[in-house]
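**Student:** The structure follows.
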Amino acid sequence: MSTFYEFFAGGGMARAGLGGGWQCTFANDFDAAKAAIYRKNWGDDHLVEGDIAKVTTRQLPGEVDLAWASFPCQDLSLAGCYRGLEGERSGTFWTFWQLMLGLRRENRAPKIITIENVYGILTSNDSLDFRAIATACAEAGYTVGAMIVDACYFLPHSRPRFFLIGVRNDLTIPDRLKSESPHFVWHPARLLEAYSKLSNNVKDRWIWWNLPEPEPNIPTLVSMIEETPTLVAWHTSEETRRLLAMMSERNAAKVRAAQALPGKTVGTLYKRMRKDEKGAKVQRAEVRFDKIAGCLRTPAGGSSRQTIMVVNGQHVRSRLLSPREAVRLMGLPDTYQLPEKYNDGYKLAGDGVVVPIVSHLRRHLFGPIVRANERVLRQAV
């Protein structure tokens, strides 16, 4: 069985995506509410709750196949004033990295390291944050490559995320996992631009990962919506009318178009500050009916919670997205146990990693690398 560490574990979504063939030997998160849900779903025999700065390599058992780190993203976005890796929260990447360097000194560096974060890391501080992470991995003896993977290839949810995957230099990487050039699905223009700013030394250790495109049969957004939601109620008619009144003409036209369609149509909505025709800032309700939910965010930093709007002819209903719907959009099953409070459940989902993406990486990247090197080891013996 393959083994892994799960840093910044949250509710254990990386663990969910890796599945039963992978054994977690260490997990860490400092958030008490998330740690409680992690225990409820996965047990606590390997979970260390608390500040990662207090974790030592003595607490990290053995030599694992994979170290997963979804470090905090706030300082890589407007919410954190773009402080980047020098910020208090996103700067915890360096604390994690010191543990990886400590394992290297002990000759038990993880075979694979995966670092996941927001798309904005590619441009944060003029790509300096991306360059710093890629350089750190390369200098620590890893072949590195990055991808942008959007949840919309697996679920009705728009959530592009950055994944940097490093493989220890002494390991064999199957040829089928390598590409001579970037792939348009996994390596968009923003990544290519950030890559161009890397040093030649890092580029020499770079790999364009070659993954198959996902199957197109994703679940529908309608199938994920609860008729009788948990921890949240449907808006009153007056509340829905207020939302409709907050829409620009462009967004109001989307609602009218949905009303003209047969049957039930589900859209998702965020409140955002926009400038009106006079240049004054006003709050607008912006809706989408493209069968894909907007990117889940946490309310921290002033972001609004996502609202769903259900249109059936002239009848329009609205309410906040429920925590169960939120974790469904992250790919977790309905057997997954949720927090008792709405905000805790919504934050858990908004801070997580999309489960089917982890599964895709496991099937087409992590698993083949681990198996290839097990064969090499057997042949050497």
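**Student:** Over all distinct Cα pairs, what is the inverse of the mean 1/r for the chain, reported as the Kirkwood hydrodynamic radius in Å?
**Tutor:** One over the average 1/r among Cα pairs gives 22.1 Å for the chain.
**Student:** Next up: For K203, which lysines qualify as cross-link partners when the Cα separation must be under 17 Å and same-chain residues fewer than eight apart are set aside?
**Tutor:** Excluding near neighbours in sequence, the set is K178.
**Student:** May I ask you to sort S70, S181, S304 by Cβ crowding, counting other Cβ atoms within 10 Å and putting the fewest first? Before the final figure, lay out each step's value.
**Tutor:** Details: S70 23, S181 7, S304 15.
Placing the least packed residue first, the sequence is S181, S304, S70.
**Student:** Now for a separate question. With a cut-off of 8 Å between alpha carbons and a minimum separation of six or more residues, what is the relative contact order of the chain in percent?
**Tutor:** The value is 16 percent.
**Student:** Can you put W97, W68 in order, fewest other beta carbons within 10 Å first?
**Tutor:** W97, W68
**Student:** Okay, moving on. Write down the percent of antiparallel bridges among all DSSP beta bridges whose residues are both part of the chain, to the nearest 5.
**Tutor:** 70 percent
**Student:** Provide the per-residue ³J(HN,Hα) series for segment 330-337, in order, calculated from phi with Karplus coefficients 6.51, -1.76, 1.60 and θ = phi - 60°, each as a whole number of Hz, with x at glycine and proline positions.
**Tutor:** 8, x, 7, x, 5, 6, 5, 7
**Student:** While we're looking at this one, here's another question. Cα convex hull of segment 222-349: how many Å³ per residue? Display every interim value, and only then the final one.
**Tutor:** On the way: hull volume 14.2 nm³, N = 128.
Dividing the Cα hull volume of segment 222-349 by its residues yields 111 Å³.
**Student:** Next up: Quick one: angle between helix 128-139 and the longest Cα principal axis of the chain, in degrees between 0 and 90, rounded to 10, please.
**Tutor:** Here the helix axis deviates by roughly 30 degrees.
**Student:** Of K111/K197; K54/K347; K281/K347; K54/K111; K254/K291; K264/K347, which sit over 22 Å apart, Cα to Cα?
**Tutor:** K111/K197; K54/K347; K281/K347; K54/K111; K264/K347
**Student:** I need S248, S196, S124 ordered by Cβ neighbour count within 10 Å, fewest first.
**Tutor:** Numbers: S248 15, S196 9, S124 26.
With the sparsest Cβ surroundings first, the list reads S196, S248, S124.
**Student:** Additional query: Compute the long axis of helix 249-259 from its Cα atoms, compare it with the longest principal axis of the Cα atoms of the chain, and write down the angle in degrees, 0 to 90, nearest 10.
**Tutor:** The answer is roughly 80 degrees.
Just so you know, all these numbers are worked out from the coordinates, no wet-lab data involved. Source: prediction; values computed, not measured. For neighbour counting, all protein chains shown are included, and Cβ atoms are generated from backbone atoms with ideal geometry for every residue, glycine included.
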